[in-house]
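J.: To start, I am sharing the structure in question, which I have written as structure tokens.
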Amino acid sequence: MVDSLKIKIVCHKEEYIFMERKGKFSPEDKLKYVLRCIEGEDSIRHTATMIGINYESFRQWIHNYQSLG
């Protein structure tokens, strides 16, 4: 399980990675889902489907986090 304190600390520091036009996901939510996949708790495809976004968009979130975070 992803530690919520870790999410808040990392998200505050890395918020610029997930900025977007008034989307339906906050930077905190995006980070939670990205960390879930990076830590091996779920697959990218399943998480993207679960939250209702395109697989490639979600891969881009992960790429942004890994390259800028």
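Here, each number is a calculation from the coordinates, and none is a lab measurement. What you see is a predicted model, and the numbers here were worked out from it, not measured in a lab. When we count neighbours, we look across all protein chains shown, and the Cβ atoms used for this are built from the backbone with ideal geometry, even at glycine.
J.: I'm a student and want to see the number: the projected area of the Cα convex hull of the range 19-61, averaged over all directions, in nm². All intermediate terms of the calculation are to be shown ahead of the outcome.
T.: Working: hull surface 11.0 nm².
Result: a mean projected hull area of 2.8 nm².
J.: Would you calculate the separation in nanometres between label points at GLU41 and GLN66, each defined as 7 Å from the Cα along the Cα-to-beta-carbon direction?
T.: Roughly 1.9 nm, to one decimal.
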